[in-house]
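Taking it in order: structure first as structure tokens, then the write-up.
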Amino acid sequence: MRRPVDVLIRRLDPEVPIPQYGHPGDAGADLVTTRAAVLAPGERVVLPTGVSIALPDGYAAFVHPRSGLAARCGLALVNAPGTVDAGYRGEIKVIVVNLDPCESVRFERFDRIAQLVVQQVEKVRFHEVAELPGSARGEGGFGSTGGHTAVGGSGGSQGGNRYASVVSDREGQ
Ligand SMILES: O=c1ccn([C@H]2C[C@H](O)[C@@H](COP(=O)(O)OP(=O)(O)OP(=O)(O)O)O2)c(=O)[nH]1
Ligand SMILES: [Mg+2]
């Protein structure tokens, strides 16, 4: 295993646990909320994690959702993945939204709400050019390779089509 990267961390709440990896090979260390909360269906809230960090230069940390909460409760991060810059010294916050149409989501203090993935990031220099070099993909994007052709349209009147395509995608799984 590679040597871990050292990251300085400050507790802003004396009782908050230091983020933990669930298993040795995990990419994300779990973040908790220091504030209990109840999110009604569709509600969005910014939750404090009680920690701030100082990343080494050339690194960033990304706040990712936890799949279990997404699957069980419909919890999503509005800005997933949230980007924590190396120079940020403020409290890490998590912007959660309850996407379940019916059920509220409840968090107790110190429940794990997200996971922090630390990665090396490249700094680039942009060089303006009149033409970009060619590539196999070219300008094709947004479903250009197929598989999503029935999704989309201009909204309203396409609703029936859109639903049918979602159903058939699921049947194909
Ligand atoms: O999920 C997140 C995302 C960001 N941040 C913090 C760390 C990050 O360094 C800072 C700014 O985030 P970002 O650059 O995504 O937000 P912005 O709207 O562009 O703000 P700014 O103008 O401060 O860059 O907010 C969090 O605590 N949680
Ligand atoms: Mg920014």
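Read-outs: derived from the displayed coordinates by stated rules, not from any lab. These numbers were taken from a predicted model, which means no experiment stands behind them. Don't worry about glycine lacking a Cβ; one is built from the backbone with ideal geometry, like all the others, and counts go over all protein chains shown.
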Spin-label pair Ala60/Asp6, simplified geometry with 7 Å Cα→Cβ offset, distance in nm: 2.5 nm
Over the range 76-143, volume per residue of the alpha carbon convex hull, in Å³: 189 Å³
Label point distance in nm, Thr145-Glu131, each placed 7 Å from Cα along Cα→Cβ: 2.7 nm
Additional length obtainable on full extension of the chain from Arg44 to Glu91, 0.36 nm per residue less Cα span: 15.1 nm
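How high is the relative contact order of the range 23-120, given as a whole-number percent (alpha carbon pairs under 8 Å, six or more residues apart)? Numbers along the way, then the final one.
Working: 230 pairs, mean separation 45.8, N = 98.
Relative contact order comes out at 47 percent.
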